[in-house]
There are 2 protein chains.
Amino acid sequence: MGRPRTPLLDRERITTTALELVDEQGEFSVPQIARRLGVQTGSVYHHVDGRDGIVELLRERVARSIDITTLDARPWDAALAGWARAYRAAFAAHPKAIPLLMTNPVRAPRVLQQYERAVTLLQSAGFPTAEVMPVLVALENVVLGSALDLAAPEAMWEIADASATPRLAEALDAAGPHRADLAFDLALEAFLAHARRRLEECREE
Amino acid sequence: MGRPRTPLLDRERITTTALELVDEQGEFSVPQIARRLGVQTGSVYHHVDGRDGIVELLRERVARSIDITTLDARPWDAALAGWARAYRAAFAAHPKAIPLLMTNPVRAPRVLQQYERAVTLLQSAGFPTAEVMPVLVALENVVLGSALDLAAPEAMWEIADASATPRLAEALDAAGPHRADLAFDLALEAFLAHARRRLEECREE
DNA sequence: ACCTGAACACCGTTCAAGT
DNA sequence: ACCTGAACACCGTTCAAGT
């Protein structure tokens, strides 16, 4: 066969196909991608840095879908809350991909720019520089922790035997179906309230 | 060869070997386990429910190492804080295993019992039953999110180009080396403060 | 019941050969 | 530069055969 006049493959199509496979199955393989694109397995390696490279492309694709305009809101805590929700929503759109994406940090410059802006936001609000990263990472913990909750195929308490753990079963019943969202709202609100108080303390000193 | 007089394999040794491999490499395979135990690959399948079964055994092993006595502390918020720290510490002892363990919930009854006790603790403290699960899941989000932070081989900001994201680099410098622990402390304290306030509101009504 | 040895389908990766 | 086709080492899983 040899080289075609117009390339059959490109990173964009490989990424899209991989994401489709992950959305469907929770995983992907290089041969599966090649099959869907009507191409030989080896061909994929001409466009991509191995399987890990494809995972990194998935990370970028999902991270890029975070609505960055949320960081334009004012005051600072509204901006932070909006960003956290957009961050979580981007992962929630691909729950089966979450285990694949969360393990490693995003390397894409465009995503690091979001963090740069968030740092600027907190500094402008009056947080001392040494406080900025702990605050930001704490928020990230809440976002990723709750995203993980969305990824689990079944919640811990769905396994619970009602006779062995009656109070757990009762509490679950009482919580209703939106427990994941309620928990995220609670954790986010707790974080914001704490951050606001911390900022006031800094201003008083 | 046939059946040996005394079994060469058991679930305990398989689990231990798998955990060793994961601690060293971040992953394991059934043939690797068999090789370390001087046994044929197929033999492992006589003791364990496939590769997924081994992962589940790892989950149980790590979850079992959570110090449950923390839940005996009083008042309720001290117990919850101690439990959260013990929970995180159990994962922190095997950072390379975290991606493997966090995806699915633990099915082991002994672990579900911990949740049962935590539910009881919150009910006794005065939380209305409908509030218990959101509170517990929010705490879980913080714990697992911060555990994920410990698992990352390199933090997001270690990748950051200081010239492209100068404020991020500056904030990182100012935060010092314990950013992960500081962030967890902050998120946990924020959660506890919020939960305390929530409880007071419930009592006033 | 428990281990061997061999088999099967699948995977990630590399690379000479072609255009 | 980009695709094919074949190769290699590895994986998860099954199973007849042995004791």
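The values are calculated or read from the model by the stated rules, or taken from the named source; none is laboratory data. For clarity, every value in this text was computed on a predicted model and none was experimentally measured. Methodologically, a virtual Cβ is constructed for each residue, glycine included, from the backbone with ideal geometry; neighbour enumeration extends over all protein chains shown. With ligands, DNA and RNA removed, areas are computed over all heavy atoms of the protein, side chains included. Shrake-Rupley method; radii C 1.70, N 1.55, O 1.52, S 1.80 Å.
Filtered by the rule that a residue be within 14 Å of another protein chain (Cβ to nearest Cβ) and either under 22 Å from residue A:106 (Cβ atoms) or near DNA strand C (Cβ under 8 Å from one of its atoms) (or both), segment A:23-80 gives A:26, A:27, A:51, A:52, A:55, A:56, A:59, A:60, A:63, A:66, A:71, A:80.
For segment A:14-41, which residues satisfy the criterion of being on the phi > 0 side of the Ramachandran plot and within 13 Å of DNA strand D (Cβ to nearest atom)?
From segment A:14-41, those on the phi > 0 side of the Ramachandran plot are A:26, A:38; that's our starting set.
Within segment A:14-41, A:38 is the sole residue that qualifies.
Considering only segment A:107-141, how many residues are of a type in the set (A, V, I, L, M), closer than 24 Å to residue A:55 by Cβ and in a helix (DSSP H, G or I)? Steps first, please.
Step one: filter segment A:107-141 for residues of a type in the set (A, V, I, L, M), giving A:108, A:111-112, A:118-119, A:121-122, A:125, A:130, A:132-133, A:135-139.
In the following step, the residues that additionally are closer than 24 Å to residue A:55 by Cβ were identified as A:108, A:111-112, A:137.
With in a helix (DSSP H, G or I) added as a condition, the list becomes A:111-112, A:137.
Selection size over segment A:107-141: 3.
Sub-7 Å Cβ pairs linking a first residue in segment B:181-205 that is more than 10 Å from chain A (Cβ to nearest Cβ) to a second residue that is of a type in the set (Lys, Arg), at least 6 apart or interchain, number zero. Taking the listed residues A:111, A:132, the one that is within 7 Å of another protein chain (Cβ to nearest Cβ) and not acidic (Asp, Glu) is A:132, with no other qualifying.
Residue check: is residue A:41 within 22 Å of residue A:185 (Cβ to Cβ), among the polar types (S, T, N, Q) and open to solvent by 40 Å² or more (accessible area, probe 1.4 Å)? No: the conditions fail for residue A:41.
Scanning segment A:159-180 for residues that are in a helix (DSSP H, G or I) and without any contact (Cβ under 8 Å) to a residue 24 or more places away in the chain turns up A:159, A:166, A:167, A:168, A:169, A:170, A:171, A:172, A:173, A:174, A:175.
With the condition kept exactly as written, say whether any residue in segment B:2-11 is over 30 Å from residue B:136 (Cα atoms), near DNA strand C (Cβ under 10 Å from one of its atoms) and among the aliphatic types (A, V, I, L, M). Checked segment B:2-11: at least one residue is over 30 Å from residue B:136 (Cα atoms), near DNA strand C (Cβ under 10 Å from one of its atoms) and among the aliphatic types (A, V, I, L, M).
Within segment B:42-66, if we keep just the residues that are assigned to a loop (DSSP other than H, G, I, E, B) and more than 10 Å from DNA strand D (Cβ to nearest atom), the residue that is farthest from residue B:101 (Cα to Cα) turns out to be B:47.
As a summary of the residue check, residue B:28 satisfies the conditions (1) in a helix (DSSP H, G or I); (2) crowded, with 17+ Cβ neighbours inside 10 Å except for the one numbered (1).
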